[in-house]
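The values are calculated or read from the model by the stated rules, or taken from the named source; none is laboratory data. Keep in mind it's a predicted model, so treat the numbers as computed, not measured. No Cβ is skipped: glycine too gets one built from the backbone with ideal geometry, and neighbour counts run over all protein chains shown.
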Amino acid sequence: MITSRLIILCVLISTFVFQTSFASEIDSVTPRDLELDNSLVSINKIFNQRIQEGIQKANARLDDTDNLEGDEFCDEEILYTELRKAIFQSFTASWGFKGYALDQQLRSLLTSKSYSLALEDSIYRDISYIEGFSLNLKKLSDVVNINGHLIGLDKVVLFFGEGWQYFELTEKGNNIDQALSWGEEQEAGKFGYTTTGIFSSADLVANFNGWRFWNKVLNKDNDPLKGWFAALFNRPYVTCDIQVISSIKSRKTVKAWESNTRFDLADYIDGAWDEGNNCSSYADSNIEEKVTARIHNVNPNFNCSYVAGECVAAQKKYGAYAKEVLHPQCLNETN
C-alpha cells in the first residue's frame, strides 16, 4: 500500500513538474541598483544566428526541387517548425521542457552580463513549498539590463515560447483578445498563482510581444500596436523569394525562404517588461505580506511602480490592450 502511494505521488509530482517546467520567477528588487552591461547586442546576435539557422534548415528540407511545384517551395509549417527548433536549440518543436532549457542556455551565454541570485537570498525566500511549489523546485532566473530596463531572462524565454502559443491560437481562428485572455488564465493557474504563488503582469507583456514577433515572421496580420501608416513599412523577417540561378538550372521557377530584415529585441522591449514597474500580484495576503516585508528590508524606499513614467509610456503603447497586460498600479500611474 505504501509503495503504491509513493508511486502515485511520484507520478503526480513528475506530471506537475513537467507541466510547470517553464514557470520561473525573478527578484527585480534586490539587484535594482546594480550596474549591468547592456545585453541587447548579445541577445540580438544569439537569436539572429538561430533564426538564420532555422531558415536554412527549412530550405534544406526542400532540396529536391525536381519534385516540387509552385507553393510547395515555401512551406510555412516547415518554416515555423525549424525556426522554433533553432531558437530553442531543440530536436523537437513542441514547447514543454524547452523553456527551462533556453533559460539555462541564456544564463550561460550571458553570464558576464547577467546577475544571478539564489532563492534563499531573494525577496521570495519565505514562500513555502506549499505556497509556491515550482518556485522552490527551481532556481530564480537571472536578470539582465536591456536598454536600461532590468529584465529577467525568463521574459525572453516567454517571448519566444508563450508568444508562439498565442500565435498558434490566432492561427486557429482565435483573435488576439482571446489569446490574451488565455494567457491571463495560464498566469492565474499553472504558470503563476498555482505553482509559484505569483502572478506576473510583466510575463503577459512578454507573451504579447512574443505574439507580435511570430506574427512578423511572415507578417500574417497587422500589428495591433502599429498604426496603418507604420504598418506599410513593417517588413516581415522572412520572405519567399525566387532563386534565379536555381530557376535557370531547373528551367522552372524555384523559390526559397530568405531573411528579409534582422530581428531586434529593442522593437519589443519597454519598461513594462520590468517587474519593478509592472508589479506582480500574489496568490494570497500571507504571501504578499512575506514578500513585502522582504522588499522593505532590501530597499525601504522601493515602491512599485518604480518608474511611473515607464508605466505611462506603456499605457500609451498598449492602448486598448493595456488593461490586459499591465498591473492595476501600473495602469493607473500618471505623470
| task | Would you be able to say whether some residue in region 258-268 is modelled with pLDDT of 95 or more and among the aliphatic types (A, V, I, L, M)? | result | yes
| Looking only at region 272-309, which residues are within 26 Å of the chain's Cα centre (by Cα), closer than 19 Å to TYR129 by Cα and among the charged types (D, E, K, R)? | ASP284, GLU288
| If you go through region 24-43, how many residues are surrounded by 21 or more Cβ atoms within 10 Å (Cβ to Cβ) and closer than 10 Å to SER114 by Cα? | 1
| message | Among (1) buried (at least 22 other Cβ atoms within 10 Å of the Cβ); (2) within 28 Å of LYS139 (Cβ to Cβ); (3) within 14 Å of the chain's Cα centre (by Cα); (4) not small (Gly, Ala, Ser), there is one condition GLN165 misses while meeting the rest; what is its number? | response | (1)
| request: Could you tell me whether region 180-200 includes any residue that is assigned to a loop (DSSP other than H, G, I, E, B) and loosely packed, with under 14 Cβ neighbours inside 10 Å? | output: no
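Conditions tested, residue by residue: (1) surrounded by fewer than 14 Cβ atoms within 10 Å (Cβ to Cβ); (2) within 22 Å of GLU168 (Cα to Cα); (3) free of Cβ contacts under 8 Å to residues at least 12 places away in the same chain; (4) of a type outside the set (Val, Ile, Thr).
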{"site": "ASP223", "(1), (2), (3), (4)": "no, yes, yes, yes"}
{"site": "GLY227", "(1), (2), (3), (4)": "yes, no, yes, yes"}
{"site": "ALA230", "(1), (2), (3), (4)": "yes, no, yes, yes"}
{"site": "PHE233", "(1), (2), (3), (4)": "yes, no, yes, yes"}
{"site": "VAL238", "(1), (2), (3), (4)": "no, yes, no, no"}
{"site": "VAL244", "(1), (2), (3), (4)": "yes, no, yes, no"}
{"site": "ILE248", "(1), (2), (3), (4)": "yes, no, yes, no"}
{"site": "VAL254", "(1), (2), (3), (4)": "no, no, no, no"}
{"site": "TYR268", "(1), (2), (3), (4)": "no, yes, no, yes"}
